Amino acid sequence: MDKPFFSQKVLALSFLMAMSMVAVEVVSWVSIFSFAVLLWKFGSERWGWKPLGRRTTGVLSVLLLLQVLFEYRTLVGQEPAYTFLLGLSALRVMDYRNERDHRFLVMLGFVLISVKALFNLDIYWVLPSIFSFFGFWFSLLPQGLPGRGRFLFRIFLLSLPLMAVLFFAFPRVVMPWAMSRGSTYGEIGFSDQMNPGKVAELAGSTVMVFRARIDDTPLKTSEELYWRGSVLGNSRGLSWRPQRTNLKAVKEDVPKGSFYEVALEPTSQNYLFTLNGTENVELETGSVIPLQSGLFRATRPLFNTTVYRALFNPNYIDQELPTESDLQIPTLSGRVAEWVERIKREYPKPEERVEELKNLFAETGFFYTLNPGVYSANDLEEFLFDRKRGFCEHFAGAYGTLARALEIPARVVVGYQGGLYNPWGDFWKVAHKDAHAWVEIFHNGQWMQIDPTRWVAPLRLVIGATSFFALSEEDQRAFARDISWKPQVSSDLLLWDQMTFWIDDLNYRWTYFLIDFDRSAQKSLLQEVLNDKTRFLIFAIVGAILLTLLVRFLSFGRESTSESKRLLQMVEAWGKKHHVPRNVSEPPLTYLKRLEDKYPNLSQVLDDIGRHYDQQSYRQTPYLGDSKKLEQLWKTEASKV
Amino acid sequence: MKEKFHDLISQASQVVLDKDTEIRLAMTCLLAGGHLLIEDLPGVGKTTLVQALGKLTGLRTTRIQFTIDLLPADVLGGQVYHPQDQKFVFHQGPLFSQLVMADELNRASPRTQSALLQAMEEGEISVDGVTWKLPKPFYVIATQNPHQQTGTFPLPESQLDRFLMSLELHHASKNTEIKIFQGQDPRQLMQNLKPVLTEAEITKALQSVDEVKVSSVVASYIGELLERSRRSGFSGQSLSTRAGMALVRASKAWAYLEGRDYLRAEDVQAVLIPVIGHRIGGNHGIKKGREWALVLKNETPVPL
């Protein structure tokens, strides 16, 4: 009789949950495939569909492996591993027939949860993981065991101390190769290629990028928060590309200021997003490279949630002199060239030119939208004079290029703007939605920030991207320039927002708690609490206790028989050497008697060994004498013969 | 307690000379609560041994001499019409006893044999639709002639299985025989024997035997024995699980007589041949079976 899968509700539910957690991370074909296989299995158990044979599932497994290899060229990394694991899990569910399959499936389940936990520690995933984890253990307990839940709970309680010890003391191992997200990771990530539409594409995603605590800085409103990611210096008209940025010279005196903290989600990139006016960044693990134009990079790609502390200087001024390349532009043509020529001719002073640029964007009816249509790289004319629809990147790109054309050094900065303030946790949450691009021009001997979006859609900056893009297109169009306007919010939505804030805050605390105890905190904790000597002592004691427990555990239970057996084996080996081997069918005690007859001077110790054997192996009571001593005695006595 | 049994054994060996091991095995068999089969030629002391045991244990003893014309009713008893009461009354046969000596069992017809053997297995008999319980404890010690002798009906294997042990007595040695010739007539000696045990003591002993511990080493040794008897190279019949259980029971009784409450491999070996000899012989007879049992014993390794 085959073991049914879906009738074991706890197992089935746990496994489904584990699979679902992974399924949201992978390409859809494998998710669909997996759940189709599960449905098939369900049908075969419930409605008597014909199940797939083991041979078929075996072939499918191989095909799956080949497909993954073909698609990703590797099995290492998050996505290929997820894909293969998920498909394999589903096929193994189809194979589920006996106890062996059960064990294997549970093992796969554990792997699924662990892999998920390896990449994502969000509290949303921790709870289902815990459920699955317990479900798997539950299904491993024998069916007949009374009070399985209680038993499991007891085991859990017993394991708590060890969990705590491991959490605080176990070294955090980082395996970059295992953490890489794979080459074709589908998620939109921050990039410093500002092709038209690139930022808009980013802004369509609600995925969180980082959380920041800025309560010590004087910045209070979303409007003031410009998170620099990268600076683009290579203009191609509407789109910009990055330029090689040099290292910043290290300042001798550390300027005064306040600190803010950022917890960055894993990006597999080096970008560290910092506010305008950031002097210095300290990474909790690893080091930071400060670059010119106020940028910071981590030395290694960030595969884990990373916390960094940054020093904010409210009086920061970037006086780095512009270079030749800050004036580079592509060839302009048509009405754009005409406009540039006219301004150049009419307004020789830079101040006037800057004013004219502002007038161009503020007054000629531009429309701020996420869906401006497609522009090509140097489609300035179409954008400025015909369509006039664009996203921040278009405004920034166009402004930068025009400024350069007017001989004002300019560069485009990409990053995030604003964020969503969480009143519960007093932190700002910045998502891809907040992606933004703005311009910096070198004017009056310093780099000044210009945000063309501020003229086109100030509301976006005032209420933040999340609220702004939640508005309808009409509202966006109608109120974009009306900064006093506030969208109407119904009270139940407010409640919902509160809930979201609360859960998000909880999640933040959880993540922070986990990361806080990461390597460095762990290290500093140990260093603070203990000096080297006591630490060594504690480790030695704990090690000794663990070792004794292990030895006791390994030898316990077997102790009673194995000891006497070993003694007898020693005697046997000795007898063999002295040409008195034990016949196979000779009972041990009879053999000892025979030896005693042959070697009368050994009779005492042989007698004791016999008694030892009798008591431990036959009577199954502990030997009353000292068996170690007996062993020694035998060794000395036997060597005399 | 066990001293009484030793006393019993030593008294019995004064009547049946030079058969100490056999007497002890017979006693073991009784202690294990099993039935005993003694096979040998006529005149080697089978009946004397059984009679001595009967006397010494104090069990109610009857003797049935089996012949070819003996009918089941002669063994079990039957309904007899009482004219005074005008009804049938059951007259118990010789089987209603505690220790039944079934002399020359294989001379009886199979029908009679099976009547006896069924009673041995179930501890009760059914006559004309009425079931009668046999007294307890109930032992059958059967003797039989080697079945090559003329005029015998060999017991089928399934019925041989009902006996816990089988013994051979062999001819007495020359010296023993000389002693026998010079000494008193065993029949007279038997008259002087007095019961050593009470029924309660026997019941208690049976219980103690049950409580003898079997360690995993010994259990695995017995398992190994059974397993080897089933291998293709082995000449005898393969041993059943019931045979294994019988072996455990007999070994326990042996250990009890040794004064222990746990088993040793030695106990198993001591009772091995008597317990399995008649089970693995098949139609080659018990003698051949005992030879094979010895082979099995010598080839099976005793685990440490």
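Structure data summary
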read-out: Over chain A, equivalent-ellipsoid semi-axes from the Cα gyration tensor in Å; value: 70, 31, 22
read-out: Amide proton proximity set for A:Leu275, modelled H, under 5 Å, gap of 5+; value: A:Arg228
read-out: Chain A: angle of helix A:392-405 to the longest principal axis, Cα-based, in degrees nearest 10; value: 50 degrees
read-out: Net dipole in debye of chain B [+1 Lys, Arg Cβ; -1 Asp, Glu Cβ; about Cα centre; nearest 20]; value: 220 debye
read-out: Average partner coverage of B:265-274, which counts Cβ from other chains inside 10 Å; value: 2
read-out: Pairs from A:Lys3/A:Lys50; A:Lys220/A:Lys429; B:Lys2/B:Lys204; B:Lys2/B:Lys252; B:Lys46/B:Lys287; B:Lys179/B:Lys252 whose Cα-Cα separation, in the structure shown, is over 23 Å; value: B:Lys179/B:Lys252
read-out: Relative contact order (%) - region B:1-115, alpha-carbon pairs under 8 angstrom, separation at least six; value: 24 percent
read-out: Chain B, relative contact order [Cα under 8 Å, separation at least 6], %; value: 21 percent
read-out: Gain in span if fully extended, A:Ser258 to A:Phe110, counting 0.36 nm per residue against the direct Cα distance; value: 48.8 nm
read-out: Estimated inter-spin distance, B:Gln79 and A:Glu637, nm [label 7 Å along Cα→Cβ]; value: 7.3 nm
read-out: Mean Cβ count within 10 Å, highest first, over the residues of peptides B:28-36, B:166-174; value: B:28-36, B:166-174
read-out: Candidate lysines - alpha carbon under 26 Å from A:Lys635, same-chain residues fewer than 8 apart omitted; value: A:Lys565, A:Lys576, A:Lys577, A:Lys593, A:Lys598
read-out: Net length gained if the chain between A:Lys629 and A:Leu554 were fully extended (0.36 nm per residue, minus Cα distance); value: 24.9 nm
read-out: Cα-based Rg of region A:319-374 normalised by 2.2 N^0.38 Å, two decimals; value: 1.41
read-out: Region A:9-147: C-alpha pair distances exceeding 18 Å, %; value: 56 percent
read-out: Proxy reagent accessibility, fewest Cβ within 10 Å first, across A:Thr278, A:Thr305, B:Thr67, A:Thr206; value: A:Thr206, B:Thr67, A:Thr305, A:Thr278
read-out: Whichever aspartates and glutamates have a C-alpha closer than 12 Å to that of A:Lys41, once near sequence neighbours (fewer than 8 apart) are set aside; value: A:Asp95
read-out: Spatially proximal aspartates and glutamates relative to B:Lys136 (Cα-Cα < 19 Å; intrachain offsets below 8 disregarded); value: B:Glu121, B:Glu122, B:Glu124, B:Glu199, B:Glu201, B:Asp210
read-out: Residue (of A:His579, A:Ala164, A:Pro348) at the positive-pole extreme of chain A, dipole from beta-carbon charges; value: A:His579
read-out: 0 to 90° range, to nearest 10: angle between helix B:216-229 axis and chain B longest Cα axis; value: 80 degrees
read-out: Listed residue (B:Ser173, B:Leu197, B:Val50) projecting farthest to the positive dipole end of region B:1-197, Cβ model; value: B:Leu197
read-out: Given charges at beta-carbon only (K, R positive; D, E negative), |dipole| of chain A in Debye; value: 3380 debye
read-out: Euclidean distance between Cα centres, region B:233-285 to region A:428-487, Å; value: 96 Å
read-out: From phi via Karplus (6.51, -1.76, 1.60), per-residue ³J(HN,Hα) for region A:417-426 in Hz, x at Gly/Pro; value: 10, x, x, 10, 7, 9, x, 5, x, 6
read-out: FRET efficiency for A:Arg46 and A:Gln67, using Cβ-Cβ distance with R0 set to 30 Å, rounded to 0.05; value: 0.55
read-out: For region B:1-46 and region A:324-378, distance of Cα centres in Å; value: 124 Å
read-out: Dipole of the protein assembly as shown, positive direction: furthest Cα of B:Asn145, A:Val412, A:Ser61, with charges on the beta-carbon; value: B:Asn145
read-out: Fully extended contour minus Cα-Cα distance, from A:Gln292 to A:Gln446, at 0.36 nm per residue; value: 54.1 nm
read-out: Centre separation in Å (Cα based) which lies between region A:594-625 and region B:104-147; value: 46 Å
read-out: Relative contact order %, region A:232-378, counting alpha carbon pairs below 8 Å whose residues are six or more apart; value: 27 percent
read-out: Rounded to 10°, Cα long-axis angle of helix A:334-346 versus longest principal axis of chain A; value: 60 degrees
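Where a number appears in this text, it was derived from the coordinates with a stated rule and is not lab data. Remember, it's a predicted structure, so these values are computed and weren't measured experimentally. Because the Cβ atoms are built from the backbone with ideal geometry, glycine has one as well, and the counts that use them run over all protein chains shown.
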